[in-house]
1. Name the long-range amide H neighbours of residue 160: under 5 Å, sequence gap of 5 or more, or other chain; modelled H, no Pro or chain starts.
2. Test of understanding: what is the full-extension gain from residue 82 to residue 99, defined as 0.36 nm times their sequence separation minus their Cα-Cα distance?
3. Of the peptides 125-131, 189-195, 159-165, how do they stack up when ordered by the mean number of other Cβ atoms within 10 Å, highest first?
4. How much length, in nm to one decimal, is gained on full extension between residue 193 and residue 224, taken as 0.36 nm per residue of separation minus their Cα-Cα distance?
5. Starting from the alpha-carbon convex hull of the stretch 184-234, give the projected area averaged over all orientations, in nm².
6. Got a sec to turn the phi values of the stretch 119-132 into Karplus ³J(HN,Hα) couplings, 6.51 cos²θ - 1.76 cosθ + 1.60 with θ = phi - 60°, whole Hz, x for Gly and Pro?
7. Could you give me the ³J(HN,Hα) list for the stretch 154-170, computed from phi with Karplus coefficients 6.51, -1.76, 1.60 and θ = phi - 60°, whole Hz, x at Gly and Pro?
Amino acid sequence: MKRRDGPSTIRTMGNGIRQGSRGRRAARALAVLAVAGAVMLGGVKVTGVWEGAPFPVADPAATAEHLNSQTLAVYDSLDVPNGLVLNLSNSLGIKADIYDCHGRGLSHFLDNLEDTAPYEPRTAAISAGLTVTGLKHPQAAEALERARGALTAQGWTVESQAAPDHIQLKLKPPSTGPNGVSDTVFVDFYDPSGFFTIEAHAECARYLEGTLVDFEGKPEHLPFLSVPDRVRRE
């Protein structure tokens with residue numbers, strides 16, 4: 001149920017590897033020409049496009065608390081019955097992802113074509129989320145419609161999609177989080193598993209000076225996820 005992870009790629013031996021290498025070299029050569037042309041024609045360095053917009057700077061713990069409050073607000077807007085069961089094994093909790101935060105701007109374009117693009121130091125995308133069970137598809141669909149109406153009235157931007165085994169709301173709040181860090185909330189119901197998931201994801205942001213990190217470079221001392229009082233633990 002990870003939202004951000006992309007599909008893995010398996011490469012074959014022999015010609016497949018050689019053809020893949022030639023393709024990557026050709027793509028890199030075209031990219032070099034495109035970047036050079038942009039610099040010559042547009043004065044890219046002057047406009048800031050070359051280095052890209054700077055990442056916002058925020059306290060990861062404050063961002064996590066903000067995202068947690070967003071999930072609670074969205075849960076309330078669903079107006080689901082009391083006693084839904086918290087599914088710990090499929091709940092996101094509080095998470096810091098450092099591997100999806102890459103350099104911005106044209107100066108980093110070629111690096112970001114690599115399978116293992118370098119990630120920005122002391123920068124992470126913070127997320128918060130929980131998964132509950134206990135609803136059937138019709139109940140979940142009604143809850144999503146209630147949330148759509150309630151949140152739209154509060155200024156949220158709401159998009160939706162539906163498939164036979166999956167319904168989703170994508171929600172953008174009317175204001176940003178700490179220090180202007182933007183976030184998006186996803187509400188998903190999966191059938192037939194019955195998983196009902198609410199996750200809030202923030203954009204990549206640099207840590208405040210003095211933020212302690214672990215051996216991977218992820219921020220330490222993030223808060224634990226708070227869940228609605230009306231949810232029953234497993």
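Nothing in this text is a laboratory measurement; each read-out follows from the coordinates by a stated rule. Please read all numbers here as calculations on a predicted model, not as lab measurements. In this analysis, Cβ positions are derived from the backbone assuming ideal geometry, glycine residues included, and neighbour counts consider all displayed protein chains.
1. Under 5 Å from the amide H of residue 160 lie the amide H atoms of 170, each far enough along the sequence or on another chain.
2. Stretched fully, the residue 82-residue 99 segment lengthens by 2.4 nm.
3. Ranked by mean Cβ neighbours within 10 Å, highest first: 125-131, 189-195, 159-165.
4. So the extension gain works out to 8.6 nm.
5. 6.0 nm²
6. For the stretch 119-132, the Karplus-derived couplings read 9, 6, x, 6, 9, 8, 9, 8, 9, 9, x, 9, 10, 10 Hz, x marking Gly and Pro.
7. Calculated HN-Hα couplings, in order: 8, x, 6, 9, 10, 10, 9, 8, 9, 9, x, 10, 7, 10, 8, 10, 10 Hz.
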